[in-house]
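First up is the structure itself, then whatever we jot down about it.
The values are calculated or read from the model by the stated rules, or taken from the named source; none is laboratory data. What you see is a predicted model, and the numbers here were worked out from it, not measured in a lab. Neighbour counts run over all protein chains shown; Cβ positions are idealised from the backbone, glycine included. The area values use the complete protein model at the heavy-atom level, side chains included, leaving out ligands, DNA and RNA. Shrake-Rupley method; radii C 1.70, N 1.55, O 1.52, S 1.80 Å.
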Amino acid sequence: ILTMRFLKQLTLIMFFYVIGEIISYLIKLVFPAIIIPSSIIGMLLLLILLLTKIIKFKWIDSVGDFFLKNMAFFFVPSIVSLLAYFDIITPILWKLILILFISFILTFISVGFSAKLTIYLTKKKGGN
């Protein structure tokens with residue numbers, strides 16, 4: 001359901017994407033060898049402003065929920081593109097699978113340590 005609140009929240013998120021595009025472009029001009037995706041820059045800026053409470057979470061919560069609930073839909077174009085180039089990928093498929101497996105293991109381990117650290121810090125602070 002598109003409401004005015006939803007559109008305002010979407011506009012705020014798109015604003016950070018555009019700011020990320022501008023910063024990424026400026027970085028490429030100054031340092032041509034450094035390529036930082038604009039979406040990463042924009043989301044980091046949004047994260048910093050959320051953590052510093054300059055932007056309130058309620059200002060983007062509906063759009064965030066929408067994106068999380070429909071996340072699988074956003075991967076469809078990537079998968080279709082991958083299938084279109086399957087003949088090119090086939091010779092290095094085992095390398096890609098190995099990289100994915102190693103990435104999965106490292107992510108799994110880091111999430112586990114992050115959870116342990118969060119639990120430890122919460123108990124240390126006096127929380128439940």
Report summary line: Toy charge model, Lys and Arg Cβ at +1, Asp and Glu Cβ at -1: segment 1-116 dipole around Cα centroid in debye, rounded to 20, equals 420 debye
Report task. Return the aspartates and glutamates within reach of Lys95: Cα separation strictly under 19 angstrom, same-chain partners fewer than 8 residues apart disregarded; answer none if there are no such residues. Result -> Asp87
Report summary line: Evaluated at 37 °C and 0.692 mPa s, the Stokes-Einstein D of segment 1-43 based on the Kirkwood radius over Cα pairs, in µm²/s, stands at 294 µm²/s
Report task. Please give the FRET efficiency for Ile119 paired with Asp87, using the beta carbon to beta carbon distance and R0 = 35 Å, rounded to the nearest 0.05. Result -> 0.15
Report summary line: Of the accessible area of the chain, computed with a 1.4 Å probe and all protein chains kept, carbon and sulfur make up a percent value of 78 percent
Requested in this report: Using Kirkwood radius over Cα pairs in Å as the read-out, say which of (1) 15.7; (2) 15.3; (3) 18.5 was calculated from these coordinates.
Outcome: (3)
Report task. Using Cα positions and a limit of under 18 Å, work out the aspartates and glutamates in reach of Lys28, with same-chain residues fewer than 8 apart set aside. Result -> none
